[in-house]
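Let me begin by presenting the structure, written as structure tokens, before commenting on it.
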Amino acid sequence: MIFDRIAILDWSAANRPRRGKDSIWLGHDSAPPENLPTRATAFDRLTALVEDALTRNQRLLIGADFAFGYPRGFARALTGQDNALALWQQLADRLQDDARNRSNRLEVAAEINRGLPGLGPFWFNPTKTDLPGLPRKGTTRHGHGFTDLRVTDRTRGAQSVWKLGGAGAVGSQVLTGLPVLWRLRAAFPGRIAAWPFEPPAPVTLAEVFPSLLAAPVRAATAAGPVRDAVQVTLLARALATLDHQGALAPLLVPPPAPKDEGWILGLGAEAALNAACPPASWR
């Protein structure tokens, strides 16, 4: 067994405190899920979780449901390095996100676009105010030079990290989530690794995609519980089951993808993950 504890984070880029559907949920392998109303609250809870694990000398896996990298070449374009963690730091330096969930993520995306060739790659502006450099439609982008999907995104249900809003969009979650993980790593120097860019450490962060458990989640939510709460709990427990079986270690082998893009933990092992989480186990 690699990890003593596993927690899974479902993220939100909401502009105000929020609970319930489409808010932040933290699922655990051996405890009920927690609903966190703001990103600041989530950071504090993650900090406490890491502190507790390290104090107990326990190895902790934290999975986060947003991309850990961008399509190949983006990190180099912004930082001069094929290094996703350098990009995390730059986003953390640019993003402003207050205790009431008000962030400047759209302005950050527009600023980045203006520093790149063509128009894009980020798109979608839900506000009435035009932001120079940030197109409202993805079809108007041109000449920015990046693919829409990473290698690991070419799985059912994955969306482009460039799309900042709309149905199923993940782009704003990435822009607000990576700075939180960067700050968490900085709070515990040398104790937290970001997989697959770094080998597992006492605390390991990994990108996850709860939609890999579509069938068990669908079955468990038939009676009406919040989907986000169900899927983070099921995934935490499925990964813990695989770890007990010795089947998680092979999933942590460096993936066949560009080193700056990242990878979804468990991709390609959907059958094993689904078998490891009976729907009734989420409570």
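Nothing in this text is a laboratory measurement; each read-out follows from the coordinates by a stated rule. Model, not experiment: these values are computed from the prediction. Quick reminder, even Gly has a Cβ in these numbers, built from the backbone with ideal geometry, and neighbours come from all protein chains shown.
Some points to look at:
- Between Trp263, Pro216, Asn104, the Cα set farthest toward the positive side of the dipole of the chain (charges on each charged residue's Cβ, about the Cα centre) is that of Asn104.
- Based on the convex hull around the alpha carbon atoms, region 223-283 presents an average projected area of 4.9 nm².
- Shown here are the Rg and Dmax of the Cα trace of region 46-114, at 15.5, 47 Å.
- Summing charges over neighbours of Leu267, with a neighbour being any other residue whose Cβ is under 14 Å away from its Cβ, gives -2 when K and R count +1 and D and E count -1.
- R0 of 51 Å, Cβ-Cβ distance Thr129-Glu198: FRET efficiency to nearest 0.05: 0.80
- One way to sum up the overall shape of the chain is the equivalent ellipsoid from its Cα gyration tensor, whose semi-axes run 29, 20, 19 Å, largest first.
- Centre-to-centre, using Cα atoms only, region 231-283 and region 1-71 are separated by 16 Å.
- Taking 7 Å steps out from each Cα toward its Cβ at Ala222 and Asp44 produces label points 4.0 nm apart.
- Proximal charge balance of Leu61 [Cβ under 12 Å; K/R count +1, D/E count -1]: -2
- Shape of region 74-167, Cα gyration tensor, a/c cut at 1.5: rounded
- Environment charge at Thr139 (Cβ cut-off 15 Å; Lys +1, Arg +1, Asp -1, Glu -1): +3
- Protection proxy ranking, peptides 247-253, 118-124, 220-226, 66-72, average beta carbon neighbours within 10 Å, highest first: 66-72, 118-124, 247-253, 220-226
- Applying 0.36 nm per residue to the separation of Ala247 and Thr139 and subtracting their alpha-carbon distance, the gain on full extension is 34.6 nm.
- Stokes-Einstein translational diffusion, region 179-283 - Kirkwood Rh over all Cα pairs, 1.567 mPa s, 4 °C, in µm²/s: 87 µm²/s
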